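Just so it is clear, none of the values below were taken in a lab; they were calculated from the coordinates. Note that the structure is a prediction, hence the values are computed from the model and not measured. Cβ coordinates were reconstructed from backbone atoms using ideal geometry, including for glycine residues, and neighbour counts include every protein chain displayed.
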Amino acid sequence: MSNASKRSAGAAEKLGGKIKGGIGKLVGSERMQADGAVKEAKGRAKEQSAKAAERVKGKVEEATGALKNRVGAVIDNRQMKAEGKLRELRGQARQRVNSR
C-alpha cells in the first residue's frame, strides 16, 4: 500500500470516527462516543505515519539531488547539475506538502 493510499485510509478512518462520535453524542451513547474517538485517533495516527514516511522520502530525494548537483558542478556537466537541482527541489516540495 502506497503512502498516499495509507494517508487516504487514515483520513477516511478519522472522518468515520468523527461521525460515529457525533452520532453517539446525538443519541446519548457514551460508548459510541468513545469508539468514535478511538477510531478518529487511529485514523489520525495512520495519516501522520504516512506523512512522516513521505517526509523521509523527500529528505532522501533532496540529499541525492544535492549530491548530483554538486558532482555535476565539479565535473562541469550542466545537464547533471540541472537534474540534481530538479531532484533536490522535488524532495523539498515533498517535505513541505507532507509537513501539514
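Side notes on the structure shown:
- Taken together, the residues in the stretch 26-53 that are touching a residue at least 40 places away in the same chain (Cβ under 8 Å) and either in contact with a Pro (Cβ under 8 Å, 6 or more places away or on another chain) or surrounded by 15 or more Cβ atoms within 10 Å (Cβ to Cβ) (or both) amount to 5.
- The sole residue among Val71, Val56 that is surrounded by fewer than 15 Cβ atoms within 10 Å (Cβ to Cβ), more than 18 Å from Arg100 (Cβ to Cβ) and of a type outside the set (Lys, Arg) is Val71.
- Residue in the stretch 1-10 that is in contact with a Gly (Cβ under 7 Å, 6 or more places away or on another chain), surrounded by 13 or more Cβ atoms within 10 Å (Cβ to Cβ) and of a type in the set (D, E, K, R) present: no
- Residue count for the stretch 74-87 under the criterion of being buried (at least 16 other Cβ atoms within 10 Å of the Cβ) and more than 26 Å from the chain's Cα centre (by Cα): the result is 2.
- Check on Glu61, in contact with a Gly (Cβ under 8 Å, 6 or more places away or on another chain), within 30 Å of Glu83 (Cβ to Cβ) and either in contact (Cβ under 8 Å) with a residue 60 or more places away in the chain or surrounded by 13 or more Cβ atoms within 10 Å (Cβ to Cβ) (or both): yes
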